[in-house]
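Data block below; observations after.
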Amino acid sequence: MTECAVRAEGITKVFNQGRPNEVHALSEVDLAIEPGEFVSLIGPSGCGKSTLLRVIASLTEPTEGQITVYGKPAEQARLDRDYGMAFQHSGLFDWRSVARNIELPLELMGWSRDKRQQRAREMLELVKLGQFGDHHPAELSGGMRQRVAIARALSFNPSLLLMDEPFGALDEMTREHMQTELLRIWSETGTTVVFVTHSIPESVYLSSRVVVMSPRPGRISTEIPVDLGGRDADTRESPGFFAKITEVREALRAVEGAE
Amino acid sequence: MTGLRHRLSASLPPVAFGLAGLALWESLLRITDPRGFVLPPPSEIVAALVDNWSQIWTGTRHTGYVILTGLAAGVILGVLAALLVTRFRSANETITPVATAVNAIPIIALAPVFNAWFGLISPHSNQAVVTVLVFFPVFINVTKGLTQVQPSQIELMRSYAARERQITREVRIPNAMPFFFNSLKIVSSLSVIAAIVAEYFGGRQDALGPMIIQSAGLTRYDDAWAAVFAGAMIGIVLYALAALAERLAMPWHASVREAAR
Ligand SMILES: Nc1ncnc2c1ncn2[C@@H]1O[C@H](COP(=O)(O)OP(=O)(O)OP(=O)(O)O)[C@@H](O)[C@H]1O
Ligand SMILES: [Mg+2]
């Protein structure tokens, strides 16, 4: 068996342990993600999706359990800069131009100025914002800002892309456009993606596997493989797509009904 | 070019308003004629300014020196303390409550005490009053700016394995800039008040504060107002410099881009 991109074993996360406001955010979560997979996490609000993502990213320590990323402990993977992250709010730095936002991780990694600028140009081309390098984030639309955030997350070729509702704040048309772009980038770069979403069609359209989570305490209830082949404009209207949507919806309903 | 014209036309209303106000002030006092008692008309203040020019210029230089040095020391100390407090969480927990408590003391009331410490005719006591008064707004605002950072931005930096020093440089300091310049604009006028009131109690006798007291004591209100006017000019110049620095330092910021429209 090849090495997993992400292997989570028995992950439990309790916030404020022993205090009155104790929260069991995650309980006994096991998850294995193969290199190159696109996995979506979906589930009711508060079921621990963001927490699981942050545990994988080693931004918070699990109370119990082990995370390995490409065979390394998560903390080591973070220090090795294996992660590219993007959040619901683009999290761009207003004081840096668009190009210099993309260069930020490269600066921290000690890239030379020339290499950085060249890379930022390439990434801007990739997300179709070639003309906007010198603009400030405040001058961009929400969708454009989100594309910059994705370009920044991809700029240093991270081996694992972690995205928390990155398209949550976008309108439907922009959202579908961004999904297409993300899939194109994914197929061009071949990175592994873990993608948190609230949208059933989005999870089905993007993923090779949808992981359905249930709340209180957060755990994985179902995993639904999605095998729709190459996506294109027609995918969204194909019977296979609708069948998968129904399958995910029913899994979610079962989770919410159990509450 | 259009920007310049735009800026000129934008400054027209306040200038017109100011001139109209002066005219009204002048004519009201000419009609009611309270003999320069309490409030002399602007023309007499200007005349007093011209008559006493060398004395007022000397006073402006001395008071300006107290303000500038006290201001610089207060701003530097405030920023350093804010950086220290943000860097070490435990320092934050001890210093911030103390700072808030000390800030509740009416520091200007301590001017006579400072005189006792530094000597009655030394400008150091006045500088100290200005420094202490300037310190707190700068410290409190900059600390807020350094700590109230979007958590996702910190997480992003951590995901790049950034060191604490890099997070401070790339996220906290830029985030604190608007807070810093806001406090700078506040203390630019506060420092003028602090210096002049402190000078009422001691320090150099040829500064603006003693000049106001002495002129008022001799019922030469036009001279007193001329000295107050000189103090106001220092405040306006400092405020304008702070606003200019803000503009140059953070062209990205909404307040600046808004103003530049
Ligand atoms: N830093 C924290 N301190 C305390 N409790 C937390 C913290 N972060 C998350 N929680 C709690 O953990 C649970 C899971 O939160 P999480 O943010 O992972 O949910 P989510 O699935 O991402 O929800 P949503 O879909 O609304 O984003 C919630 O009950 C939340 O209140
Ligand atoms: Mg979430």
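The values are calculated or read from the model by the stated rules, or taken from the named source; none is laboratory data. Given the structure is predicted, the values throughout are model-derived calculations rather than measurements. With ideal geometry, Cβ positions are generated from the backbone for all residues, glycine too; neighbour counts draw on all protein chains shown.
Residue check: is A:Arg152 more than 14 Å from ligand 1 (Cβ to nearest atom), in contact with a helix residue (DSSP H, G or I) (Cβ under 6 Å, 6 or more places away or on another chain) and closer than 21 Å to A:Leu126 by Cβ? Yes.
A quick yes/no check of all residues on (1) over 26 Å from A:Leu252 (Cβ atoms); (2) touching a Ser or Thr at 6+ places or on another chain (Cβ under 9 Å):
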position	(1), (2)
A:Arg81	yes, yes
A:Gln88	no, yes
A:Gly91	yes, yes
A:Trp95	yes, no
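Tell me, yes or no, whether the stretch B:134-145 has at least one residue that is within 14 Å of chain A (Cβ to nearest Cβ) and modelled with pLDDT of 80 or more. Yes, some residue in the stretch B:134-145 is within 14 Å of chain A (Cβ to nearest Cβ) and modelled with pLDDT of 80 or more. The listed residues are A:Arg100, A:Arg78, A:Arg19, and the only one of them that is more than 12 Å from ligand 1 (Cβ to nearest atom), more than 10 Å from chain B (Cβ to nearest Cβ) and either closer than 24 Å to A:Thr222 by Cβ or charged (D, E, K, R) (or both) turns out to be A:Arg100.
Conditions (1) outside any loop (DSSP other than H, G, I, E, B); (2) of a type outside the set (Phe, Trp, Tyr); (3) in contact with a Lys or Arg (Cβ under 9 Å, 6 or more places away or on another chain); (4) within 16 Å of ligand 2 (Cβ to nearest atom), marked per residue:
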site: A:Glu3; (1), (2), (3), (4): no, yes, no, no
site: A:Glu9; (1), (2), (3), (4): yes, yes, no, no
site: A:Arg19; (1), (2), (3), (4): no, yes, no, no
site: A:Leu26; (1), (2), (3), (4): yes, yes, yes, yes
site: A:Leu31; (1), (2), (3), (4): yes, yes, yes, no
site: A:Ser40; (1), (2), (3), (4): yes, yes, yes, yes
site: A:Ser50; (1), (2), (3), (4): yes, yes, no, yes
site: A:Thr68; (1), (2), (3), (4): yes, yes, yes, no
site: A:Ala77; (1), (2), (3), (4): yes, yes, no, no
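Of all positions in the stretch A:36-46, none carries a residue that is within 14 Å of chain B (Cβ to nearest Cβ), under 28 Å from A:Asp227 (Cβ atoms) and touching a residue at least 60 places away in the same chain (Cβ under 8 Å). A search for C-beta distances below 8 Å between a residue of the stretch B:86-113 that is within 19 Å of B:Thr168 (Cα to Cα) and of a type in the set (S, T, N, Q) and any residue that is at pLDDT below 75 and surrounded by 12 or more Cβ atoms within 10 Å (Cβ to Cβ), counting only pairs 6+ apart in sequence or on different chains, returns B:Thr86/B:Asn92. If you go through the stretch B:214-235 and keep only what is free of Cβ contacts under 8 Å to residues at least 60 places away in the same chain and part of a helix (DSSP H, G or I), you end up with B:Gln214, B:Ser215, B:Ala216, B:Gly217, B:Ala224, B:Val228, B:Ala232, B:Gly235.
Here are some residues: A:Gln117, A:Gln146. Which one is touching a residue at least 40 places away in the same chain (Cβ under 8 Å) and more than 12 Å from chain B (Cβ to nearest Cβ)?
A:Gln146
Does the stretch A:95-104 contain at least one residue that is under 21 Å from A:Val196 (Cβ atoms) and at pLDDT 90 or above? No; the residues of the stretch A:95-104 include none that is under 21 Å from A:Val196 (Cβ atoms) and at pLDDT 90 or above. Of the conditions (1) more than 14 Å from chain B (Cβ to nearest Cβ); (2) within 16 Å of ligand 2 (Cβ to nearest atom); (3) of a type in the set (Asp, Glu); (4) within 30 Å of A:Leu79 (Cβ to Cβ), A:Glu202 clears all except one; give me its number. Against the list (1) more than 14 Å from chain B (Cβ to nearest Cβ); (2) within 16 Å of ligand 2 (Cβ to nearest atom); (3) of a type in the set (Asp, Glu); (4) within 30 Å of A:Leu79 (Cβ to Cβ), A:Glu202 comes up short only on (4).
In the list A:Thr246, A:Thr235, A:Thr222, A:Thr197, which residue meets the criterion of being more than 16 Å from ligand 1 (Cβ to nearest atom), hydroxyl-bearing (Ser, Thr, Tyr), more than 14 Å from chain B (Cβ to nearest Cβ) and in contact with a helix residue (DSSP H, G or I) (Cβ under 7 Å, 6 or more places away or on another chain)?
Unique residue meeting the criteria: A:Thr235.
A:Ser40 falls short of the stated requirement of being more than 14 Å from ligand 1 (Cβ to nearest atom) and among the small types (Gly, Ala, Ser). Mind listing whichever residues of the stretch A:52-66 are more than 16 Å from ligand 2 (Cβ to nearest atom) and either facing chain B (nearest Cβ under 10 Å) or under 21 Å from A:Asn157 (Cα atoms) (or both)? Matches in the stretch A:52-66: A:Ser58 only. Taken over the stretch A:25-37, the residue count meeting the criterion of being within 16 Å of ligand 1 (Cβ to nearest atom) and either within 15 Å of the chain's Cα centre (by Cα) or surrounded by 17 or more Cβ atoms within 10 Å (Cβ to Cβ) (or both) is 5.
For (1) farther than 21 Å from A:Glu61 by Cβ; (2) buried (at least 19 other Cβ atoms within 10 Å of the Cβ); (3) more than 11 Å from chain A (Cβ to nearest Cβ), each residue gets a yes or a no:
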{"position": "B:Thr131", "(1), (2), (3)": "yes, yes, yes"}
{"position": "B:Gln148", "(1), (2), (3)": "yes, no, yes"}
{"position": "B:Tyr160", "(1), (2), (3)": "no, yes, no"}
{"position": "B:Val171", "(1), (2), (3)": "yes, yes, no"}
{"position": "B:Phe181", "(1), (2), (3)": "yes, yes, yes"}
{"position": "B:Ile186", "(1), (2), (3)": "yes, no, yes"}
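The test for being on the phi < 0 side of the Ramachandran plot, at pLDDT below 90 and surrounded by fewer than 16 Cβ atoms within 10 Å (Cβ to Cβ) holds for B:Ser27.
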